[in-house]
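A short worksheet on the structure shown next.
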Amino acid sequence: MNFFIRNRVVIWILVGLLIITLSILGSMIYHTWAEPEESNDPSVCSSSCQMLSGELELDPAQQEQMDEILIHFRDSSAALVAELRRTRFTLMEELQSDTPDTLHILQLSEELGATQTRMTILAASQYMRIRSICNPDQQQALSNVYCDLFGCPRIGMGQDQGQGQHRHRNGKAWD
């Protein structure tokens with residue numbers, strides 16, 4: 001096999017594995033922090049709901065609105081979570097087969113990425129709806145909770161404070 005063709009195949013395989021890894025990592029983060037407890041009574045606040053309510057210190061009217069938002073999100077995300085599980089299972093079956101089809105693996109990886117994107121859009125929508133019922137202090141606390149959820153540093157932590165510039169490796173600033 002030609003050296004360049006072999007390298008191209010290896011690069012595509014590595015890209016596919018990177019997509020799979022990022023998808024699994026995102027899913028693990030989601031299931032660790034955002035998956036609501038299943039309950040027969042939708043009016044019962046799950047542990048994630050209680051944690052969020054405790055962080056935000058919601059008043060009773062806000063809590064009622066929050067419950068509605070979280071129930072809507074749980075209902076909307078249930079199909080996506082099932083799709084993620086199904087696609088991951090299919091991917092693992094393909095990876096464990098005697099002769100894995102790399103094209104099918106890439107296709108499944110893309111499906112996982114697309115589903116994870118829809119979950120992220122749904123989470124962002126939920127954030128915006130919750131934010132709309134919060135006062136400025138609660139909005140900051142909500143932002144911190146979601147930074148933890150998405151695995152990024154909290155606002156004001158680990159950033160160039162007010163700089164707004166990134167440095168090139170030779171020390172020159174660029175925007």
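The values are calculated or read from the model by the stated rules, or taken from the named source; none is laboratory data. As the structure is a computational prediction, the values presented were derived from the model and not from experiment. Heads up, the Cβs are rebuilt from the backbone with ideal geometry, glycines too, and the neighbour counts pull from every protein chain shown.
Here's the yes/no breakdown for (1) at pLDDT 85 or above; (2) buried (at least 18 other Cβ atoms within 10 Å of the Cβ):
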| site | (1), (2) |
| --- | --- |
| ALA61 | yes, no |
| GLU68 | yes, no |
| LEU84 | yes, yes |
| PHE89 | yes, no |
| LEU106 | yes, no |
| LEU112 | yes, yes |
| ARG131 | yes, no |
| ASN144 | no, no |
| PHE150 | no, no |
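SER76 falls short on exactly one of the conditions (1) part of a helix (DSSP H, G or I); (2) crowded, with 16+ Cβ neighbours inside 10 Å; (3) in contact with a helix residue (DSSP H, G or I) (Cβ under 7 Å, 6 or more places away or on another chain); (4) not charged (D, E, K, R), and that condition is (2).
Is the range 118-127 home to any residue that is within 22 Å of HIS31 (Cβ to Cβ), in contact with a Phe, Trp or Tyr (Cβ under 6 Å, 6 or more places away or on another chain) and not acidic (Asp, Glu)? Yes, that holds for at least one residue. Taking (1) modelled with pLDDT of 60 or more; (2) surrounded by 10 or more Cβ atoms within 10 Å (Cβ to Cβ); (3) of a type outside the set (Val, Ile, Thr) in turn, GLN159 satisfies each apart from (1). When you check PRO100 against the structure, is it modelled with pLDDT under 85, exposed (fewer than 14 other Cβ atoms within 10 Å of the Cβ), assigned to a loop (DSSP other than H, G, I, E, B) and not hydroxyl-bearing (Ser, Thr, Tyr), yes or no? The answer is no for PRO100. Within this structure, ARG86 fails the test of being of a type in the set (Lys, Arg), part of a helix (DSSP H, G or I) and touching a helix residue (DSSP H, G or I) at 6+ places or on another chain (Cβ under 6 Å). Tell me, yes or no, whether the range 95-109 has at least one residue that is touching a residue at least 12 places away in the same chain (Cβ under 8 Å) and touching a Ser or Thr at 6+ places or on another chain (Cβ under 9 Å). The answer is yes; a qualifying residue exists.
The set of residues in the range 88-115 being more than 15 Å from LEU25 (Cα to Cα) and of a type in the set (Val, Ile, Thr) consists of THR90, THR99, THR102, ILE105.
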